[in-house]
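**Q** Please see the structure below; I have some questions.
The values are calculated or read from the model by the stated rules, or taken from the named source; none is laboratory data. Everything quoted here is computed from the prediction, not taken from an experiment. Counting neighbours? That spans all protein chains shown, and the Cβs are built from the backbone with ideal geometry, glycine included.
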Amino acid sequence: MSAPGNSAGGSPATDWVLELLRCPLTGRPLHPVSVDGAKFLATDDGIRYPVVDGVPVLLTDAALDVPADRS
């Protein structure tokens, strides 16, 4: 049996955690992305947070590609 949202290829044990995480700036859900081999969690509007040693860094100071109206 697989958990909802398992389309990214994650395990059911981690997918439910990902469903709980939200962008600290917008409150929107996050999804995993990879850019040039680096892992990030991102919103649909492109705000990205780095994943360091498997741990997402959900600090507003660590956010990348933040629109000017959000910074």
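**Q** Do you know which of the residues in the stretch 36-56 that are outside any strand (DSSP E or B), surrounded by fewer than 18 Cβ atoms within 10 Å (Cβ to Cβ) and not charged (D, E, K, R) is modelled with the lowest pLDDT?
**A** The selected residue is G54.
**Q** Can you tell me which of (1) modelled with pLDDT under 95; (2) touching a Pro at 6+ places or on another chain (Cβ under 6 Å); (3) surrounded by 14 or more Cβ atoms within 10 Å (Cβ to Cβ) is the one A8 doesn't meet?
**A** Just one mismatch for A8, condition (3).
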